[in-house]
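Here is the structure we will look at.
The values are calculated or read from the model by the stated rules, or taken from the named source; none is laboratory data. No experiment lies behind these values; they were computed from the predicted model shown. Note: ideal-geometry Cβ built from the backbone for every residue, glycine included; neighbour counts use all protein chains shown. Remember, those area values only see protein heavy atoms, side chains included, never the ligands or the DNA or RNA. Shrake-Rupley method; radii C 1.70, N 1.55, O 1.52, S 1.80 Å.
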Amino acid sequence: MGLVSSSAMELLLLLSLSFIFVNGGVPTTLDGPFVPVTVPLDKSFRGNAVDLPDTDPRVQRIVEGFAPEQISVSLSATYDSVWVSWITGEFQIGDNITPLDPGTTASVVQYGMYGLPITHEAMGYSLIYNQLYPFEGLQNYTSGIIHHVRLTGLKPNTLYQYQCGDPSIPAMSDVYYFRTMPVSGPKSYPSRIAVVGDLGLTYNTTSTVGHLMSNHPDLVLLVGDVSYANMYLTNGTGTDCYSCSFPQTPIHETYQPRWDYWGRYMQPITSKVPIMVVEGNHEIEQQAENQTFVSYSSRFAFPSEESGSSSTLYYSFSAGGIHFIMLGAYVSYDKSADQYKWLERDLTFVDREVTPWLVAAWHPPWYSTYKAHYREAECMRVEMEDLLYEYGVDIVFNGHVHAYERTNRVYNYTLDPCGAVYITVGDGGNREKMAIAHADEAGNCPEPSTTPDEYMGGFCAFNFTSGPAAGKFCWDQQPDYSAYRESSFGHGILEVKNETHALWTWHRNQDMYNNAGDQIYIVRQPDRCLVEPKVPKC
């Protein structure tokens, strides 16, 4: 064989590097549907997680008086507005508690573009919430003063600096920074969007958050199950399985200080990167007079009003050329309910020429092949899937199942090139066990009677009437709609490149943060999957 000249070798090397740079060996959804892949369980990896104790300095209160803490930023419905939230004063827990007066401290944000003097000021509102139990021996809780301030008139894709608090005390925070979203348009997108679910506050959570921050996201989506305060009794005793450890409690108790610990731990990221949260089952937190979701609804700011929603449990917003729909699985979702009617209106007003990408998120997955929570959200799927398919939702993010799974494009359990890609990322690192067993493995198929929607009271999961699983409740092998599944803790990063291509990367905690456990280009085909404009409904 003759020797290859050095110039020819250089040309070959450049060509090969060019191929790697442009294509990266990353498949696209156009290459699918893919043969299902199950990554074998790494038994050396820690499948359980241990909560950070209240003695950990990262969760302790380090401010004094009415200085702000637990500072966070969230988006409004459009780029020109954001919410800044924080807490002042100390929570109380015990038999005799006296709620703080929200009127004792103002809700003020002073802000301006980075590099210029801070000359703007906005005022908002404040509140406290209580978690009360009408049973002897259970400790009640009252929060610090929670502040929410909406900033308006902001410029797109611009770095702002801000301080929050009450300048009259004075009790103002340090200076923090956030960047607004790009203007909505088909060629305008945030660089990186982190997606994580079922986070909790464990040592595995710290790995997830550390990896997530290393990927420098512009936005964080948290698809439910935040602090896991309801894995504790009011005396602070925690467990990996509430029903197993506390079967006789008169009500499902929570230890609300875990919310404060979570807010303190997360402040280094939430004070500078907007976080958008949707509720999970661990946020239900029933209390006296059957109140639910009080902590979740009080601690976070939501663009509900701005997006036409009457509830904190479902809302929408846009970030560049992406329209996000955050849905509630634990509030009525049938076609006669307010949520469904709101969703229909919201979808009708989406202009795919302005926001080509349509992304939906809620907590329990419709398409999961794990035994845990198998087909638990079937009633929600039956009610809503047709509507999401009709309007061409591109990607759906879910949590709830403590593992990772990505589907081929699917609609009504059938491979469909115009169906959505469903991605489950309930692997943030909470203290409950990791999901390992698959419903299609021998002996793992649940009894249909064990799969109702317990909170909404529905039962819709029957045996399949057609397809590979006809006459059965589960497949006998990994379903063809399931493209990739793996039991491991981690998070995902979505990078929308243009109006048709988005790079999805799932990162495992046990890898270096810049390694990919799963990676694919999700490709839209607007010419093939037509979405007919609808007349907006009043």
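Quick notes on this structure:
- Any hit, region 412-419, residues being small (Gly, Ala, Ser), more than 25 Å from Asp51 (Cα to Cα) and at pLDDT 95 or above: yes
- Matching option when the condition is part of a loop (DSSP other than H, G, I, E, B) and touching a residue at least 24 places away in the same chain (Cβ under 8 Å), among Gly443, Gly428, Gly471: Gly428
- Strands (runs of 3 or more DSSP E) lying entirely in region 95-173 (those with 3 or more residues that are closer than 24 Å to Asp218 by Cβ): 108-113, 145-151, 159-166
- Summed over region 475-511, residues that are open to solvent by less than 10 Å² (accessible area, probe 1.4 Å), more than 24 Å from Thr205 (Cβ to Cβ) and not in a loop (DSSP other than H, G, I, E, B) total 3.
- The one condition from (1) out of contact with any Cys (no Cβ under 7 Å at 6 or more places or on another chain); (2) closer than 27 Å to Glu432 by Cβ; (3) surrounded by fewer than 21 Cβ atoms within 10 Å (Cβ to Cβ) that Tyr340 does not meet is (2).
- Checking Arg179 against (1) surrounded by fewer than 19 Cβ atoms within 10 Å (Cβ to Cβ); (2) basic (Lys, Arg); (3) touching a strand residue (DSSP E or B) at 6+ places or on another chain (Cβ under 7 Å), the condition it does not meet: (1)
- Among all positions in region 46-54, there is at least one residue which is surrounded by fewer than 17 Cβ atoms within 10 Å (Cβ to Cβ), free of Cβ contacts under 8 Å to residues at least 12 places away in the same chain and in a loop (DSSP other than H, G, I, E, B).
- Hits in region 336-350 - residues which are in contact with a His (Cβ under 9 Å, 6 or more places away or on another chain) and either polar (S, T, N, Q) or outside any helix (DSSP H, G or I) (or both): Val350
- Counting only helices (runs of 4 or more DSSP H) that sit completely within region 226-304, those holding 2 or more residues that are surrounded by fewer than 17 Cβ atoms within 10 Å (Cβ to Cβ) and free of Cβ contacts under 8 Å to residues at least 60 places away in the same chain correspond to 242-245.
- Residue within region 437-445 that is over 28 Å from the mean Cα position of the chain (by Cα), open to solvent by 60 Å² or more (accessible area, probe 1.4 Å) and at positive phi present: yes
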